[in-house]
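Here the structure comes first, spelled out in structure tokens, and everything after it is commentary.
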Amino acid sequence: MNHEKFLDLVSQSPIVASVQASPGSPLEDVETLYRLAQASLQNGVRVLRAQGEDTIRAFKSRFDAPIIGLIKREYGQNPVYITPTEVEVKALIALGCEVIALDGTDRLRPDGSSLGYLIELIHSAGRLAMADCDSLESARFARHCGADLIGTTLAGYTPARPATNGPDLALLRELCDEFGPGVVIAEGRFNEPWQARAALQIGASAVVIGGALNDPVKQTAAFVNSAGARHSHVAAVDIGGTWMRLAVVDRNLTITSHERHELPESRSQRLKMIHDFCVAHRCNVVGVSSGGTIDPATNTVVETKPLIPDHLGTNFEFDRIKSYALNDGLATAWGHAQHPQFAGKRVATLALGTGVGCGVVDRGRIMMGPHGEYARINDLQFGEQSFEDQLGGAALTPNPTESQKATATEAAKSALDLIKAIVLPDEIVLAGGVGLADWLVLDGAIRSPYGSDAGIIGAACLALFPPQIS
């Protein structure tokens, strides 16, 4: 098969079904995999991706569909395992694979062979070479070595790039911009139809989908993990500009133990307080809600205001204690999304306290930036001051004047109108000291059913029901 013929096939049906079983899975059976492949072919798939000599041999004897073949084999501690040596390449050629997939990085291979040499073997047999890559740099290397097709297969599985929860569309965009049409194949963590459509719109020639089509083990695990709390109880921490609250919360979102302390001045004091609380209450999981922007991949504060001293760079990681940390507005919104009144809806939270926080959850997914960025309602101007200046100022005054109340109410109404116009939420929930104040009356918003515990419940929900981060 030549490149033009392959592109013609995937232009007719750009979904490539990867039919493989998780290691140790009961699906690791040739006859079972054959039936899974047959189901994909009967529903419009034109090209298969398959692993292992026995499976590929069975497919080639029963199907006319072209196969992107690979052999996963480990050689000691060498990290290259996708068609790693000349032995596997020759086996795939002998099996009749039209396309041979192999590790496309520049890492040393177990037999010392070069990527260029293996691609020459593939081409000499009249086959196409698909390089499974992990970064733009490895893709350039593989293309230089003669690879016909570049896959995003290894993105997030090597140190070259951090893992994304879903497909690495940012890398896909880089590759499509670099190599143009007819080269890039999207692969890796495609779980939803919109992701596949996005990949094709970005410029991928085809999208390889595995677990979402053919691995009920992965599908079952995903549903089981999302269906209920993994722990009977967790520690929850809410760090504000004035107070630091710590609690033990069970899977029913009942607070069973609670402490409140004046905010410690240094990060080391705060981290020690969290660690000691978890140890004292035998909690091996903690959720942290805090001001600032917190990157969920690293649990590190990457941007903050001076409300919390010594905060920038704080890393909420603890020895033998699993942690989940997010901006307080996002965490509070996530907590509301778990409440029966709001579950499954697009719910926005406006948290009005010492500062102004905002978070949106749309049908189970937090709307945020790749590093935990949140909607910056707080920084938007209201008159000559920001929303935070108007609303946070009222929170900092123990007994706000009527003038302060009136100004804060007008600012809150404007913030509410802005959220309605831009986010189009099903519900807007108010939280925080000002948000729950008797004097603040806003049409179209619901006071938090968690009351003054909304922040701590939100932190607990991060640990009890970890959000999907993408």
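Surface exposure of region 194-274, expressed per residue as accessible area with a 1.4 Å probe, stands at 52 Å². Largest first, the extents of the alpha carbon coordinates of region 46-197 on the three principal axes equal 36, 35, 29 Å. Label sites at K272 and E178, each approximated as a point 7 angstrom past Cα along Cα to Cβ, lie 4.7 nm apart. Comparing Cα centroids, region 207-259 and region 309-353 end up 11 angstrom apart.
Taking the Cβ-Cβ separation of D111 and E262 as r and a Förster radius of 51 Å, what is the calculated FRET efficiency to the nearest 0.05?
0.20
Contact order, relative form, for the chain: 11 percent (alpha carbon pairs under 8 Å, 6 or more residues apart, mean separation divided by residue count).
Computed extension length for K305-S61: 81.4 nm, one decimal, from 0.36 nm per residue of separation with the Cα-Cα distance subtracted. With the simple spin-label model, which puts each label point 7 Å out from Cα in the Cβ direction, the D426 to D8 separation comes to 4.8 nm. Here's the picture: a label point sits 7 Å out from the Cα of R230 along the beta-carbon direction, and within region 150-165 the residues with their amide nitrogen under 15 Å of it are 165. Share of carbon and sulfur in the accessible area of region 292-351 stands at 54%, probe radius 1.4 Å.
Between A222 and T401, how high is the FRET efficiency from 1/(1 + (r/R0)^6) when r is the Cβ-Cβ distance and R₀ = 41 Å? Nearest 0.05. Efficiency computed from Cβ-Cβ geometry: 0.20. With contacts taken as Cα pairs under 8 Å at a separation of at least 6 residues, region 260-331 carries a relative contact order of 35 percent. Distance between the modelled labels on N78 and A343, one decimal in nanometres: 5.1 nm (7 Å Cα→Cβ projection). A DSSP coil position with no more than 16 other Cβ atoms inside 10 Å describes the following GluC sites (Glu not before Pro) in region 358-448: E373, E384.
The H on the amide N of G151, modeled in the peptide plane, is under 5 Å from the matching H of A131, D132, C133, I185, each at least 5 residues off or on a different chain.
Rolled with a 1.4 Å probe across the full set of protein chains, the surface gives Y157 an accessible area near 140 Å². When W334, W194 are compared by accessible surface with a 1.4 Å probe, the order from highest to lowest is W194, W334.
For the pair W439 and R363, the difference between a 0.36 nm per residue extended length and the Cα-Cα distance amounts to 24.2 nm.
Taking all protein chains together, I56, I93 sort by accessible area into I93, I56, largest first [probe 1.4 Å]. For region 124-221, the share of accessible area belonging to carbon and sulfur comes to 54 percent (1.4 Å probe, ligands and nucleic acids excluded).
Share of carbon and sulfur in the accessible area of region 1-43 stands at 48%, probe radius 1.4 Å. On a per residue basis, region 25-109 carries 45 Å² of accessible surface, using protein heavy atoms and a 1.4 Å probe. Dividing the mean sequence gap of close Cα pairs (under 8 Å, 6+ apart) by how many residues region 1-70 holds gives a relative contact order of 32 percent.
The values are calculated or read from the model by the stated rules, or taken from the named source; none is laboratory data. Note that the coordinates shown come from a computational prediction; the quantities given were computed from them, not determined experimentally. Neighbour counts run over all protein chains shown; Cβ positions are idealised from the backbone, glycine included. To get the accessible areas, we keep the full protein, side chains included, count just its heavy atoms, and leave off ligands, DNA and RNA. Shrake-Rupley method; radii C 1.70, N 1.55, O 1.52, S 1.80 Å.
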